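One structure is given here, and the rest of the page talks about it.
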Amino acid sequence: MQFINQLLLAILASPIPQALSLEAQRPIAEPQTSISQPLIGFGTWNLNVSPENTSAVVSLAIQTGYRQIDAAAAYRNEKAVGVGIADGLKQANLTRDKIWVTSKLWNDHHGDPATVEAGLNQTLSDLGLDYLDLYLMHWPVSSSPSSHLDYISTWKSLLQLPKSKVLHLGVCNFSPRQLESLIKETGVKPFAHQMELHPYLQQNWWLDLHRALGISVTAYSPFGNANPTYDHDGKEYPPALLKNEALVEIAEKRNCTVAQVALAWGIERETSVIPKSTHEWYIRENFEASECVLEKKDLKAIEKVGRKFLTRFNNPSKPWGVKLFEGLDGV
Ligand SMILES: NC(=O)c1ccc[n+]([C@@H]2O[C@H](COP(=O)([O-])OP(=O)(O)OC[C@H]3O[C@@H](n4cnc5c(N)ncnc54)[C@H](OP(=O)(O)O)[C@@H]3O)[C@@H](O)[C@H]2O)c1
Ligand SMILES: *[C@@H]1O[C@H](CO)[C@@H](O)[C@H](O)[C@H]1NC(C)=O
Ligand SMILES: *[C@@H]1O[C@H](CO)[C@@H](O)[C@H](O)[C@H]1NC(C)=O
Ligand SMILES: *[C@@H]1O[C@H](CO)[C@@H](O)[C@H](O)[C@H]1NC(C)=O
Ligand SMILES: *[C@@H]1O[C@H](CO)[C@@H](O)[C@H](O)[C@H]1NC(C)=O
């Protein structure tokens, strides 16, 4: 608690540097042409059965009612996702401005404004879109060894992108110190921070800090270790989140599925949840998660699950040779 207060004070008391003038030219808070970020969205990582399947699944998600698509250059499927977006809009008789599209700048496009803009241009061309609702720095890490953690320059380059092409800017996977220095050195807070959040990694104080700063939070991997690429080194601990006994019990009591309980818990915390699935049934089930009503005692029980099974599944610190998530839980 003391740490949060110190961090908040440090951020809020920081001198406002000249970069704030960039913010003044670029009101990223509430552009009138965008819908607000929906609390439920559709994830597209590992959506790679085939390009045709990727497009069909994204289109189906929009027809099912999802109004937020979470894409990234690193997922190497933005062309197929773009075809799916176009088809979904057509089938659902919707215009582009009725959905929220997020994408992310990959580590190989950090640095000066031209490099960052080239990354955005590629993503827009692949997705077949004129603009993004939200563009995120995917990691505070550049793949160029000479500027490994030069996320401040990259943020300044992001701030120079034309508003006509990007309505909001944000980050993913930042540590408290990294977020603090980003804000202190540029005077511009991210609109959103996307991070790993699920019942096994609840990060309550970190979420509270974002609330206090007015930064919206998107919860990725809402089903924890359901993502098949999360390597557990052959360990069976923790048990599959979607089979967790306490969660199964809540699901039975509330007549929901465990996946819906995990999403409803995220929505209850006012985070935007972005589950991914290739299966029609799951896509619908996940979309209907807001109908799953949790009671106070369920939330208490889920808090206990978090203390017992605390695990962070997505941490490439070792392979990348950088210290990520310093000061956060599950590291
Ligand atoms: N910013 C970042 O660094 C970052 C990192 C990770 C993820 N993300 C974003 O967050 C999105 C979601 O996270 P994620 O893809 O890691 O994992 P996830 O959405 O938590 O879980 C996906 C897995 O759960 C399965 N599943 C989906 N719905 C289900 C249901 N109702 N019942 C049972 N199983 C179900 C899926 O199976 P099937 O696909 O076989 O149906 C898939 O194997 C990503 O797609 C990506 O857009 C961002
Ligand atoms: C996509 O592929 C999955 C896995 O093979 C399959 O179950 C699903 O029906 C396909 N989805 C669509 C919309 O074609
Ligand atoms: C599609 O939407 C437009 C504008 O909202 C509406 O005027 C039109 O009737 C709709 N068409 C169909 C087939 O629903
Ligand atoms: C990005 O695309 C715009 C056209 O939309 C072009 O003017 C600009 O030069 C491009 N930037 C880079 C770095 O390729
Ligand atoms: C439980 O949920 C299912 C599916 O949403 C619904 O059809 C059924 O009527 C519900 N049962 C009760 C007892 O609420």
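Could you tell me whether any residue of region 302-324 is hydroxyl-bearing (Ser, Thr, Tyr), surrounded by 12 or more Cβ atoms within 10 Å (Cβ to Cβ) and modelled with pLDDT under 95? Checking region 302-324: at least one residue is hydroxyl-bearing (Ser, Thr, Tyr), surrounded by 12 or more Cβ atoms within 10 Å (Cβ to Cβ) and modelled with pLDDT under 95. Restricting attention to region 42-93, the residues that are surrounded by 15 or more Cβ atoms within 10 Å (Cβ to Cβ), part of a loop (DSSP other than H, G, I, E, B) and within 16 Å of ligand 3 (Cβ to nearest atom) add up to 2. Among the candidates Glu180, Glu196, the residue that is surrounded by fewer than 22 Cβ atoms within 10 Å (Cβ to Cβ) and under 23 Å from Trp320 (Cβ atoms) is uniquely Glu180.
With respect to Ser157, is the statement that it is of a type in the set (Ser, Thr, Tyr) and part of a helix (DSSP H, G or I) true? So Ser157 passes the test. Looking at region 250-331, the helices (runs of 4 or more DSSP H) lying wholly inside it that each contain 3 or more residues that are in contact (Cβ under 8 Å) with a residue 40 or more places away in the chain and charged (D, E, K, R) sit at 296-309.
Looking across region 191-214 at every residue that is without any contact (Cβ under 8 Å) to a residue 40 or more places away in the chain and not in a helix (DSSP H, G or I), the one that is nearest to Lys243 (Cα to Cα) is identified as Met195. Considering region 88-133, the residues that are aromatic (Phe, Trp, Tyr) and within 16 Å of ligand 4 (Cβ to nearest atom) include one that is farthest from Ala73 (Cα to Cα), namely Tyr131.
In region 271-315, of all residues being more than 13 Å from ligand 1 (Cβ to nearest atom) and touching a strand residue (DSSP E or B) at 6+ places or on another chain (Cβ under 8 Å), the one that is farthest from Leu241 (Cα to Cα) corresponds to Ser290. For region 233-249, give me each residue that is in a loop (DSSP other than H, G, I, E, B) and either within 16 Å of ligand 5 (Cβ to nearest atom) or surrounded by 12 or more Cβ atoms within 10 Å (Cβ to Cβ) (or both). Within region 233-249, Pro238, Pro239, Ala240, Asn244 qualify.
Name the single residue that is farthest from ligand 2 (Cβ to nearest atom) among those in region 95-127 being part of a loop (DSSP other than H, G, I, E, B) and loosely packed, with under 15 Cβ neighbours inside 10 Å.
That would be Asp112.
The values are calculated or read from the model by the stated rules, or taken from the named source; none is laboratory data. Every value quoted in this text rests on a predicted model; they were computed, and no experiment measured them. Methodologically, a virtual Cβ is constructed for each residue, glycine included, from the backbone with ideal geometry; neighbour enumeration extends over all protein chains shown.
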